[in-house]
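Single-structure report; data block below.
Read the figures in this text as sums done on the coordinates, not as results from a lab. None of the values given here were measured: they were computed from a predicted structure. Heads up, the Cβs are rebuilt from the backbone with ideal geometry, glycines too, and the neighbour counts pull from every protein chain shown.
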Amino acid sequence: MAELGNPKKTTEILQKYGFAFQKKYGQNFLIDGNVLKKIVKEAGIGKDDTVLEIGPGIGTMTQYLCENAGKVVAVEIDKNLIPILKNDTLAEYSNVTIINQDILKIDINKLVNEENGGRPVKVVANLPYYITTPIIMKLFESHAPVDTITIMVQKEVADRMQVGPGTKDYGALSLAVQYYAKPEIVMVVSPECFMPRPKVSSAVIKLTRYENPPVSVSDEGLMFRLIRAAFNQRRKTLVNSINNSPDLNFTKESIVNALEKMGLSGTVRGEALTLSQFGRLSDILGEQ
Ligand code: SAM
């Protein structure tokens, strides 16, 4: 393969096709071969794997994935990149399918059925940062068969996925990620490794999907509505934020009672609760 993971080759391709970066698509292409190799290694990709890559760009990481995986399905929104991928950078690979679509509009279950007979895939991506959270939530909430998700995100967002109560980064994303998967930051990446350079540092985080969530809860939907309410108004008490939420219908009294049953004060804030406490609260309120 003609390695694209360096500034010279990337510039050559961009100039050859007169490609102009589109800021609205979060285009920051990787130009560091060592980072690329490490991502593919940490993702643990082998010939038995089918990989879903979100946003292949000019195909820099896709080449590494094609070399290591059985099959690669790459979903790219920018139609200007498709001819580059198909006719040039990925032309030598017969194990790649390139799809010109918005990942947020795709039915992931259908895609995995069609491309991998419904067997679990591994997601690997240098994500467009403007839609990191919606993409992660979609991958989890669709309950599509996905084993692991190894993604480059803003360092700050990677931190948010890992932390627990008592830190300012703790929020709805932390709880959602930790309900569905075990998060592990595998590398911090500086802006110089991209073209153009982003303003912030990045990190690669690996999310390994749990077969069974670490917390059992009767109504997952209710738990996540409670979590969203708690962090939408994180400076308010949990009683007020739940009571004010248009998605929920609980009286202050019932919320105070539920918290009391859990040994928590009526003035506690949502940011103090662990995932298992949110699960318990959801079960108590759900019974009422
Ligand atoms: N994988 C390439 C690399 O590492 O050099 C490019 C990564 S770049 C950060 C993000 C890529 O995602 C861009 O190619 C962008 O066009 C694409 N993208 C942005 N929004 C998308 C969406 N909604 N669906 C699919 N691809 C998207």
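Points to keep in mind about this one:
- Scan the stretch 19-38 for residues that are assigned to a helix (DSSP H, G or I), touching a residue at least 40 places away in the same chain (Cβ under 8 Å) and either of a type in the set (Val, Ile, Thr) or within 11 Å of the ligand (Cβ to nearest atom) (or both) and the total you get is 3.
- Of the residues making up the stretch 241-255, those that are surrounded by fewer than 18 Cβ atoms within 10 Å (Cβ to Cβ), part of a helix (DSSP H, G or I) and not small (Gly, Ala, Ser) are 244, 252, 253.
- Among the residues of the stretch 100-121, those identified as hydrophobic (A, V, I, L, M, F, W, C) and crowded, with 16+ Cβ neighbours inside 10 Å are 103, 106, 108, 111, 112, 121.
- Whenever a residue of the stretch 219-236 is more than 14 Å from residue 286 (Cα to Cα), its partners that are of a type in the set (Ser, Thr, Tyr) and part of a loop (DSSP other than H, G, I, E, B), lying with C-beta atoms within less than 7 angstrom and at least six residues away or across chains, give the pairs 229/245.
- Test for residue 16: is it more than 12 Å from the ligand (Cβ to nearest atom) and in contact with a Phe, Trp or Tyr (Cβ under 8 Å, 6 or more places away or on another chain): no
- Some residue of the stretch 256-265 being hydrophobic (A, V, I, L, M, F, W, C) and part of a loop (DSSP other than H, G, I, E, B): yes
- Within the stretch 39-59, the set of residues being over 18 Å from residue 119 (Cα atoms) and either without any contact (Cβ under 8 Å) to a residue 40 or more places away in the chain or out of contact with any strand residue (DSSP E or B) (no Cβ under 8 Å at 6 or more places or on another chain) (or both) comprises 41 only.
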